[in-house]
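Everything on this sheet refers to the single structure shown next.
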Amino acid sequence: MTENLAELIVQEFRKWAVMSPTEILREFQDQFGAQVYEDFYAYRQGSNELPLLIAHVDTVWSSPPCEDEIIYDQEANEIRLEASDEEKGLGADDRLGVALIVLLLREHPDIGFLLTNYEEQGQRGAEEAVRNLGDELRRYPYLLELDRRYRQHFAHYGHITSEFEAFLTQNLPEWDLCEGIYTDITVICPAINRCGVNIAIGYYNQHCHDEFVKVDDAVLTYQAVRKLLQHPVQEPFEWRGE
């Protein structure tokens with residue numbers, strides 16, 4: 001990538017932030033050859049030695065922002081929404097995750113990905129993916145979801161082992177690990193017996209009109225995922241429950 005990474009993230013986010021969930025799924029079908037199931041998910045198979053990357057295409061807002069409402073404050077290095085309608089939001093949860101996956105795919109075209117819809121409405125897309133792709137998703141050694149607020153930490157949802165934690169710590173010692181409440185991998189991990197974490201990607205005030213993105217934090221995430229992708233895993237990190 002010859003351009004500045006921060007600028008690439010801003011550019012890619014602007015593209016995906018203004019689309020509807022269905023438009024995003026179809027675009028991934030057209031651009032990356034993803035398998036799309038109705039309006040529930042888009043999936044493309046990748047290397048079985050790398051994590052399955054996951055993001056969700058829906059937001060809590062009934063409609064996406066307009067392109068001219070998305071403001072990049074270069075001095076603060078933040079993306080914000082300039083709109084008077086308090087019924088609108090930036091939707092970085094989780095369009096930022098979608099944008100980061102696109103950039104990662106350009107550098108690592110062998111990554112497998114799963115984009116789900118309806119994460120904000122009870123993980124319906126994740127449930128359909130498990131129902132239709134259960135055996136297929138077991139190809140991957142672990143799951144990495146890009147859908148977490150703030151910066152420089154992973155969230156787990158109980159689906160973690162000491163071996164998997166050691167793997168994360170060894171490769172990203174400066175990143176913290178905490179426990180989250182729910183996201184799509186709370187459905188997928190136990191269904192396919194895989195460990196998984198959700199990585200912080202740099203959005204703040206999610207589900208609020210004043211949501212914003214700290215682009216420097218998104219850059220940190222991109223670099224962290226890139227580092228994990230440089231460490232293929234031969235044996236999966238299995239999670240078998242208590």
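The values are calculated or read from the model by the stated rules, or taken from the named source; none is laboratory data. None of the values given here were measured: they were computed from a predicted structure. Quick reminder, even Gly has a Cβ in these numbers, built from the backbone with ideal geometry, and neighbours come from all protein chains shown. We work out accessible area using only protein heavy atoms, side chains counted, and drop any ligands, DNA or RNA first. Shrake-Rupley method; radii C 1.70, N 1.55, O 1.52, S 1.80 Å.
What to note about this one:
- Within segment 49-80, considering residues that are touching a strand residue (DSSP E or B) at 6+ places or on another chain (Cβ under 8 Å) and farther than 20 Å from residue 103 by Cα, the one most open to solvent (accessible area, probe 1.4 Å): 80
- Selection status of residue 195, more than 20 Å from residue 226 (Cα to Cα) and either in contact with a His (Cβ under 9 Å, 6 or more places away or on another chain) or modelled with pLDDT of 95 or more (or both): no
- Qualifying residue in segment 231-241 (condition: outside any loop (DSSP other than H, G, I, E, B) and more than 18 Å from residue 113 (Cα to Cα)): yes
Residue-by-condition table, conditions (1) farther than 15 Å from residue 19 by Cα; (2) under 17 Å from the mean Cα position of the chain (by Cα):
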| residue | (1), (2) |
| --- | --- |
| 52 | yes, yes |
| 82 | yes, no |
| 95 | no, yes |
| 99 | no, yes |
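- Of the helices (runs of 4 or more DSSP H) lying entirely inside segment 160-230, those containing at least 1 residues that are within 22 Å of residue 65 (Cα to Cα) span 215-229.
- The helices (runs of 4 or more DSSP H) falling completely within segment 1-120 that include 3 or more residues that are free of Cβ contacts under 8 Å to residues at least 12 places away in the same chain map to 21-32.
- Enumeration of residues in segment 204-242 that are under 26 Å from residue 87 (Cβ atoms) and open to solvent by 10 Å² or more (accessible area, probe 1.4 Å): 204, 205, 206, 207, 208, 209, 210, 212, 214
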